[in-house]
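Structure record follows, encoded as structure tokens.
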Amino acid sequence: MLALRSQLFNVLFYANLIVRMIVLTPVYFMLPRKKAYAIPKAWARSNNWLMEKIVGTTFEIEGLENIPETGCIFAPKHQSFWDTYALLPWMSDPVYILKRELTWIPLFGWYLKKQRMIAVNRGARGKVMVDVMRRTKLEMNKGRQLIIYPEGTRRPPGAEPAYRYGIARIYRDVQVPVVPIAMQPGLFWPRRSTMRYPGHFKVRILPAIQPGMDPDAFFEHLIEVLEKASDEVLLHAVERNPNLPLPPTAAKRVAELRQQTGEP
């Protein structure tokens with residue numbers, strides 16, 4: 001039954017995306033950019049509803065009060081496709097730095113361009129990256145929230161941290177607060193898998209790291225606070241969902257944390 005519910009969710013998830021893009025495209029492109037953002041927000045809410053009703057997966061958000069009213073950088077953990085969209089309803093005007101190939105996808109790429117997402121050739125250096133930073137500053141000056149995954153790519157739950165220094169450079173240059181977000185959606189929507197698992201987990205929005213720190217000190221602090229919170233929400237997810245199958249990285253990390261605290 002779990003495999004059947006997973007496949008049903010997957011079919012409805014992509015059908016939901018395709019049908020909405022086709023049906024709502026005229027409305028989306030007629031509206032001003034910020035008003036048009038209501039359409040991706042509604043899509044994200046519908047996906048969260050589908051996952052709850054079909055798979056049985058729910059989540060709660062802690063720390064919404066930590067989101068600044070001005071522009072900021074969100075620095076979430078990145079474990080699955082879930083965390084690329086699920087929090088959109090709680091973000092007022094987000095902007096992503098994403099690989100340019102995504103903008104080449106018919107309809108989907110047009111939606112990204114409408115929201116002025118910043119597409120980049122990942123293999124590029126030099127002048128291209130200077131232009132990316134220029135465009136990033138331009139969007140941030142309008143009060144938008146930049147979403148950056150500090151580890152750059154999806155990582156399995158419990159994996160050893162592999163943070164990239166790029167976020168420290170952007171923090172230095174843009175001079176806005178950075179909001180770390182700890183969560184473990186990869187336990188329920190694993191990367192490179194069609195399975196979806198029922199259960200409940202926490203999304204923890206941490207207090208913003210204010211601008212002005214030395215980039216190296218900021219980088220170390222970000223890793224420290226985000227990894228600590230990630231361990232805490234990992235243990236919560238495992239305790240709340242005792243029958244949840246854990247990937248090896250998560251099982252190993254849970255064992256290490258329990259050994260540190262003396263728990264069985």
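The values are calculated or read from the model by the stated rules, or taken from the named source; none is laboratory data. Remember, it's a predicted structure, so these values are computed and weren't measured experimentally. As a convention, Cβ positions derive from the backbone with ideal geometry for all residues, glycine included, and neighbour counts pool all protein chains shown. Accessible surface is based on the protein model in full, side chains and every heavy atom, while ligands, DNA and RNA are left aside. Shrake-Rupley method; radii C 1.70, N 1.55, O 1.52, S 1.80 Å.
Treat the stretch 20-126 as a sphere of radius equal to its Kirkwood radius over Cα pairs and apply Stokes-Einstein at 10 °C in a medium of 1.306 mPa s; give the translational diffusion coefficient in µm²/s, rounded to a whole number.
Numbers: Rh = 15.6 Å.
Answer from the Stokes-Einstein relation: 102 µm²/s.
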| task | Using only the alpha carbon atoms of the stretch 200-262, find the Kirkwood hydrodynamic radius as the inverse mean reciprocal pair distance, in angstroms to one decimal. | result | 13.4
| note | Rounded to the nearest 500, the 222 nm mean residue ellipticity computed for the chain from DSSP H runs (n ≥ 4, each -39500 (n - 2.57)) alone is -14500 deg cm²/dmol
| message | Pick from 192, 240, 154 the residue whose mean-square fluctuation is largest in a GNM of the chain, springs joining Cα atoms under 10 Å. | response | 192
| With every protein chain in place, the chain: carbon and sulfur % of accessible area (1.4 Å) | 59
| request: Can you tell me the equivalent ellipsoid semi-axes for the stretch 66-177? Use √(5λ) from the Cα gyration tensor, largest first, whole Å. | output: 19, 18, 17
| Cα-Cα separations in the stretch 3-75 greater than 20 Å, expressed as whole percent | 50
| field | Dipole magnitude (debye, nearest 20) for the chain, charges at Cβ of Lys, Arg, Asp, Glu | value | 1380
| remark: Subtracting the Cα-Cα distance of residue 130 and residue 18 from 0.36 nm times their residue separation yields 36.9 nm
| request: Can you tell me what the convex hull of the Cα atoms of the chain projects to on average, as an area in nm²? | output: 14.6
| So how far, in whole Å, is the C-alpha centre of the stretch 1-22 from the one of the stretch 83-119? | 20
| request: Please work out the ratio of the alpha-carbon Rg of the stretch 145-264 to 2.2 N^0.38 Å and round it to two decimals. | output: 1.14
| remark: Over the chain, with neighbouring protein chains present, the accessible area per residue in Å² at probe 1.4 Å is 50
| request: Loop only per DSSP, at most 12 neighbouring Cβ atoms within 10 Å: give me the GluC sites (Glu not before Pro) in the stretch 1-76, ordered by residue number. | output: 69
